[in-house]
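Structure first, commentary second.
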Amino acid sequence: MAVNAKLPKPAPPGDNLRGYLHTDPVPITWDERQLDRLYTQAHAHASETIDWYLTQKAGPKRWSRGCRMVAILGGAVGGLIPLISGAGLVGPAGWLGLDPAQFAQLGYIALALGAASLSLDRFYGYSRKWMRFMTTQHRLEILLTEFHLEWVELKRRQENHPDPAQHEQTMLARIKAFRLEVLQVMGDEMQTWIGEFQSSLAALEKRVGPERKE
């Protein structure tokens, strides 16, 4: 006899299932369908969480690249201006026709803009947030893949298992472990964010503190 290992169809990513997943209780009356229902909920919640991180990392990615680009351009322009001034390309005899003293100030402005963009990225943590979201998304995708493949194997063994009740407990334990693993990954990301934010505030207070005393 063929083994029926058909899995319940998970909800498609992007569905607004967050409230349902967290508030819909498991009925007191238990049957085999509840295992499939719990699997679908766990799979949908993980998929939705992955989609959230995938969407949220777009903003920090753009800001991180923008800040780094301004820093690179500011450093490059700030380094080129003294070379241009030293080559005699500015002033009354130069083709730019600018005052050398005023032209030299542009180099300081460019370097200041580059440093300010790096400070902005460091304080708001755009680059760190981008990398953190990518790491969390990847960890969740690994967990979801492992969970799905292990569930296929558990469903394959279910029909001919010598002790159906014990096997149900095994399947239920796997769902529980997966849900806790997903929450742990999200909790780790949140704790990392808290640590980074506290470090940024401490650095800002350390920087602003002496200025207030003056």
> Do you know which residues across the range 161-202 are of a type in the set (A, V, I, L, M, F, W, C) and free of Cβ contacts under 8 Å to residues at least 24 places away in the same chain?
Replying inline: 165, 173, 177, 180, 183, 190, 194, 201, 202
> So which of 149, 154 ends up being surrounded by 14 or more Cβ atoms within 10 Å (Cβ to Cβ), under 15 Å from residue 43 (Cβ atoms) and without any contact (Cβ under 8 Å) to a residue 24 or more places away in the chain?
Replying inline: 154
> Which residue, of 175, 194, is among the hydrophobic types (A, V, I, L, M, F, W, C) and over 19 Å from the mean Cα position of the chain (by Cα)?
Replying inline: 175
> Quick one: is residue 72 modelled with pLDDT of 90 or more, surrounded by fewer than 14 Cβ atoms within 10 Å (Cβ to Cβ) and either on the phi < 0 side of the Ramachandran plot or not assigned by TED's automatic domain parsing to the domain that holds residue 112 (or both)?
Replying inline: yes
>> Take the conditions surrounded by 12 or more Cβ atoms within 10 Å (Cβ to Cβ) and part of a helix (DSSP H, G or I) and apply them to residue 201. Does it pass?
In response: no
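The values are calculated or read from the model by the stated rules, or taken from the named source; none is laboratory data. The structure presented is a predicted model; accordingly, all values stated were derived computationally and were not measured. Counting neighbours? That spans all protein chains shown, and the Cβs are built from the backbone with ideal geometry, glycine included.
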